[in-house]
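Enquirer: Attaching a single structure in C-alpha cells format; questions to follow.
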Amino acid sequence: MLEAFDVDPVAESIYLAMLKSPLAGIAELAERLGWEEARIRSGLDELARLSLLRPSWENPLAMRPVSPEAGLEILLARQRVDLLRRQHQIEEGQAALQVLIAEYAHPNRGSASTGVEELIGLDAVRERLERLAYQTRHQVLAFAPDGAQTEEALAASRPLNALLLERGVEMRTLYLNSVRNDAPTCAHAEWLGEMGALVRTVPVLPIRMLIVDRMYAVVPLDMENTAAGAVVVRGAAPVAVMCALFEQIWQTGTPFGDQQEVCPELTDQERALLNLLLQGDTDEQAARKLGVSPRTVGRMGAEIMARLGARSRFQAGALAAERGWLAQT
C-alpha cells in the first residue's frame with residue numbers, strides 16, 4: 001500500500017498495527033506481528049525517520065502514529081521535495097552536458113590526443129557505432145528522443161543489438177512516451193525486453209546520446225540535424241557527467257511493460273508540453289522534443305486550454321501551476 005512512497009513492508013505493517021492499537025508497545029506489537037522485538041524497533045526507527053510517529057501528549061517517552069491523513073500529506077510532501085531535487089539535478093546535468101559538448105565539439109579540437117573524435121556525416125557515424133558495438137564488453141546506455149522509428153530502421157538495428165545482448169551486455173534505453181502509441185516501436189521494445197534489455201519511457205529527453213562501457217559517449221554535432229555528424233568523447237571523467245544525467249532521468253522513467261500512471265488532471269506528456277511552452281518553445285520545437293507532430297502539439301494545447309477554461313496557453317500554464325498540476329513532473 002505504502003511502497004509507492006518508499007515505505008518498506010516492515011515499517012508499513014507496524015504503522016498499520018499501531019493505527020489499530022495506538023497504545024501498543026514494542027512487546028505487544030512483536031506478539032501481534034509474530035516478529036522479534038529487534039525487528040519492531042528497527043521498523044519504529046524507520047517510521048520516526050519518515051515522521052509517521054509523534055511523541056504522545058500524555059507520555060512524551062511513548063510514540064504514537066500520526067493519522068492516515070497527516071501521514072499521507074507527510075509522505076506526499078517528501079516525494080514532492082524529492083522530485084524537485086531530482087529535477088534540479090537533471091537540469092544541472094543537462095547544463096553540464098551542454099558545456100561539455102560545446103567545449104569538445106570545436107572543429108579544431110577533435111583528435112586522439114584530446115580524447116575527442118569528430119565524425120562528419122551519417123556514414124562516418126554509423127561505421128564508428130558499428131566498431132564501438134564490437135568493442136563493447138559490459139554496458140550500453142541510450143537516449144532515443146526521436147519518437148517512433150520506421151520499421152526499416154528498427155529492423156536494421158536488430159543485428160547489432162542482438163549481438164550485444166547475446167554476449168551478456170547490459171542494455172538500457174530511454175524512449176519518449178509517444179512511442180507507446182506506435183506499433184512497430186512497441187514491438188521492437190518488447191523484443192528488446194525478451195532479449196534481456198531494459199526499456200523505459202519519459203515525456204521528454206534532452207539529447208540523443210549513446211554511452212558505451214562508461215568510457216565512450218556519442219552525441220550529435222548538431223542537435224537539430226543528427227545526420228550532420230557526431231562527437232565521440234572518450235574517458236571516464238568526461239563521460240561520468242553523461243552517465244549521471246542518464247541515471248537521473250532513468251529513475252524518472254516508466255518501465256515499458258507498465259501502464260503509465262493515470263492522472264485525472266494532466267498526463268505526463270501534457271504536463272511536459274505545458275512546461276516546454278511556458279519555457280518559450282514553439283510548437284515545432286516542442287513537437288521535436290516530445291516526438292510527435294506539430295499538429296498533435298496544437299491539438300494537445302487546445303484540449304488543455306479547454307479543460308482549464310483558459311483563453312491562452314500562458315493562462316493555461318498559470319492555471320495549471322495554481323492547481324499544482326505542474327509540480328508533478
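Laboratory data are not the source of any read-out in this text; all were calculated from the coordinates shown. Treat the numbers as computed from the prediction; the structure is a model and nothing was measured. Cβ placement follows ideal geometry from the backbone for every residue including glycine, while neighbour counts extend to all protein chains displayed.
Enquirer: Restricting to bridges with both residues inside the chain, how much of the DSSP beta-bridge set is antiparallel, in percent to the nearest 5? Mind dumping the intermediate values first?
Expert: Working: 23 of 34 bridges.
Bridges in the chain are about 70 percent antiparallel.
Enquirer: Let me ask you something else. Could you run the Debye sum over the Cα atoms of the chain, one equal point scatterer each and no solvent, and tell me log10 of I(q)/I(0) at q = 0.10, 0.14, 0.15 Å⁻¹, two decimals?
Expert: -0.74, -1.12, -1.21
Enquirer: Still on this structure, I have one more. So how strong a dipole does the chain carry about its Cα centre when Lys and Arg Cβ are +1 and Asp and Glu Cβ are -1, to the nearest 20 debye? Write out the running numbers ahead of the final one.
Expert: Working: 33 positive and 44 negative charges, 82 e Å.
With only Lys, Arg, Asp and Glu charged at Cβ, the dipole is about 400 debye.
Enquirer: Say R0 is 56 Å: what FRET efficiency, to the nearest 0.05, do Ala237 and Ala155 get from their beta-carbon distance? Before the final figure, lay out each step's value.
Expert: Numbers: r = 37 Å, r/R0 = 0.66.
With R0 = 56 Å, the Cβ-Cβ based efficiency is 0.90.
Enquirer: Taking the Cα atoms only, what angle lies between the long axis of helix 151-166 and the longest principal axis of the chain, rounded to 10 degrees?
Expert: Here the helix axis deviates by roughly 70 degrees.
Enquirer: If you take the beta carbon distance between Arg167 and Arg128 as r and set R0 to 22 Å, what does 1/(1 + (r/R0)^6) give as a FRET efficiency, to the nearest 0.05? Let's see the in-between values first.
Expert: Numbers: r = 19 Å, r/R0 = 0.87.
Efficiency for this residue pair is about 0.70.
Enquirer: Taking the Cβ of Ile90 as the centre, find all other residues whose Cβ is under 13 Å away and add up their charges (Lys, Arg: +1; Asp, Glu: -1).
Expert: Details: positive: Arg85, Arg86; negative: Asp82, Glu91, Glu92, Glu247.
With Lys, Arg at +1 and Asp, Glu at -1, the neighbours total -2.
Enquirer: How many nm is it between the label spots at Arg80 and Arg295, if each spot is 7 Å from the Cα in line with the beta carbon?
Expert: 4.0 nm
Enquirer: Another one. Work out from phi, with θ = phi - 60° and the Karplus expression 6.51 cos²θ - 1.76 cosθ + 1.60, the ³J(HN,Hα) of each residue of the range 203-219, listed in order in whole Hz, and give x for Gly and Pro.
Expert: x, 9, 10, x, 6, 7, 7, 10, 10, 10, 6, 6, 10, 10, 9, 10, 9
Enquirer: Here is a further query. Measure nothing but the geometry: give the 0 to 90° angle between the long axis through the Cα atoms of 313-322 and the longest principal axis through the Cα atoms of the chain, rounded to 10°.
Expert: For 313-322 against the chain, the angle is about 30 degrees.
Enquirer: Full extension from Ile120 to His88: what is 0.36 nm times the residue separation minus their Cα-Cα distance, to one decimal in nm? The partial results should precede the final answer.
Expert: Values: separation 32, 0.36 × 32 = 11.52 nm, distance 3.36 nm.
The Ile120-His88 span can extend by a further 8.2 nm.
Enquirer: Counting Lys and Arg as +1 and Asp and Glu as -1, what is the net charge of the other residues whose Cβ lies under 13 Å from the Cβ of Ala48?
Expert: +2
Enquirer: Could you calculate the contour length gain from Ala302 to Glu73, that is, 0.36 nm times the residue separation minus the distance between their Cα atoms, to one decimal place in nm?
Expert: Numbers: separation 229, 0.36 × 229 = 82.44 nm, distance 3.27 nm.
Result: 79.2 nm gained on full extension.
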